[in-house]
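Heads up: the structure comes next, in C-alpha cells.
What follows is calculated from the coordinates using simple rules that are stated; it is not laboratory data. All of these numbers come straight from a predicted model, not from anything done at the bench. No Cβ is skipped: glycine too gets one built from the backbone with ideal geometry, and neighbour counts run over all protein chains shown.
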Amino acid sequence: MSTQTQAHKFAATILQNLPEVPEDIMQGWIENPKALQKLLAGLVPPVNGSITEFKVFKTIKLGTGPTNADGFRCHLKKDNIRIGDYANDIIGKPVFSVATEEIELDLVVVSVAELGFPKGAGLKDIYAVAKKRGLELCPNEVGPQLRLQYKDQPKNEWLIIGMEPIAGSGGALSVFGVEHNGYGFWLNTYYGYPDDVWSEHYRFVFVLPRK
C-alpha cells in the first residue's frame with residue numbers, strides 16, 4: 001500500500017469514527033487550524049516507546065505581581081479573565097503558595113498519548129511517567145500565573161496544570177486548568193484524584209528543569 005493510499009484510508013477512518021463535535025468547536029478549529037494540529041499531534045504516541053524530546057512551550061515568571069489569593073483575583077478580574085467557582089475556592093486555601101522571590105520556569109505541554117498512554121491513564125501514572133522522563137510537577141502558583149501570562153492562548157485550547165491536587169472546601173481534589181473558549185479566557189479546575197482516568201487527548205503542563 002502506498003503512503004498516499006494509506007493516508008486517504010486513515011483520513012476516511014477518522015471521519016467514520018469521529019465523535020459528535022459541537023458546531024462552535026468545529027468552527028473554532030476551522031478558523032484556527034493550528035489549534036486542531038496541536039490536538040491531533042497529541043494523539044500520536046512516541047515511536048517505539050522512545051522518550052519525547054520536550055520543547056519549551058512558554059517561560060513564565062513566578063513571584064511577580066500578586067502575592068496572595070485576593071491579589072490574583074483582582075488581577076484576573078482586571079484582565080477580564082473568568083475564574084471558575086472551584087478555582088476561586090482552591091486559590092484561597094492555605095496550601096496555595098506564592099514564590100517569595102521572582103523565578104523563571106520553563107513549561108512544556110505534553111498529551112497523555114505522548115507520555116505513552118494511547119488509551120488514557122490515571123493521574124498518578126501520568127505524573128509518574130512525566131517524572132521518569134525528567135519533567136517536574138508545577139508549583140500551584142503556575143495555574144493563575146500562566147493564565148495571566150498566556151494572553152495569546154488559541155481559542156478552543158484547554159490545558160491541565162500538572163500539580164499536586166488541592167482539596168477544596170467540599171473535600172474534592174482539584175488541579176488548575178487554563179482555557180480559552182467562546183466566553184473568553186478562564187482559570188478553572190479539573191478533578192485531581194490519583195486513580196481518575198484521563199483520555200489520551202488531554203494535554204498537561206509540566207516544568208522542564210533547566211540544566
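See the values below:
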{"read-out": "Sole residue being touching a Lys or Arg at 6+ places or on another chain (Cβ under 7 Å) and among the aromatic types (Phe, Trp, Tyr), chosen from 191, 183", "value": "183"}
{"read-out": "Checklist (1) over 15 Å from residue 142 (Cβ atoms); (2) in contact with a Cys (Cβ under 8 Å, 6 or more places away or on another chain); (3) of a type outside the set (Asp, Glu) applied to residue 123, failing item", "value": "(2)"}
{"read-out": "Number of positions in the stretch 183-197 that are assigned to a strand (DSSP E or B) and small (Gly, Ala, Ser)", "value": "1"}
{"read-out": "Failed condition for residue 114, given (1) assigned to a helix (DSSP H, G or I); (2) within 15 Å of the chain's Cα centre (by Cα)", "value": "(1)"}
{"read-out": "First in the stretch 82-95 and touching a residue at least 12 places away in the same chain (Cβ under 8 Å), second anywhere and of a type in the set (A, V, I, L, M, F, W, C) and assigned to a helix (DSSP H, G or I), Cβ under 7 Å, 6 or more apart", "value": "83/76; 91/69; 91/72; 92/69"}
{"read-out": "Matching residues, the stretch 10-37, being in contact (Cβ under 8 Å) with a residue 40 or more places away in the chain and either of a type in the set (Gly, Ala, Ser) or not in a loop (DSSP other than H, G, I, E, B) (or both)", "value": "24, 25, 28, 29, 31, 34, 35"}
{"read-out": "Checking residue 109 against (1) within 18 Å of the chain's Cα centre (by Cα); (2) buried (at least 16 other Cβ atoms within 10 Å of the Cβ); (3) farther than 14 Å from residue 206 by Cβ, the condition it does not meet", "value": "(3)"}
{"read-out": "Unmet requirement for residue 180, which otherwise passes all of (1) buried (at least 20 other Cβ atoms within 10 Å of the Cβ); (2) without any contact (Cβ under 8 Å) to a residue 40 or more places away in the chain; (3) in a loop (DSSP other than H, G, I, E, B)", "value": "(3)"}
{"read-out": "Meets criteria (part of a helix (DSSP H, G or I), among the aliphatic types (A, V, I, L, M) and either touching a residue at least 24 places away in the same chain (Cβ under 8 Å) or surrounded by fewer than 19 Cβ atoms within 10 Å (Cβ to Cβ) (or both)) for residue 128", "value": "yes"}
{"read-out": "Conditions (1) aromatic (Phe, Trp, Tyr); (2) under 23 Å from residue 71 (Cβ atoms); (3) without any contact (Cβ under 8 Å) to a residue 40 or more places away in the chain: number failed by residue 150", "value": "(3)"}
{"read-out": "Residue in the stretch 160-177 that is under 17 Å from residue 77 (Cα atoms), buried (at least 18 other Cβ atoms within 10 Å of the Cβ), aliphatic (A, V, I, L, M) and in contact (Cβ under 8 Å) with a residue 60 or more places away in the chain present", "value": "no"}
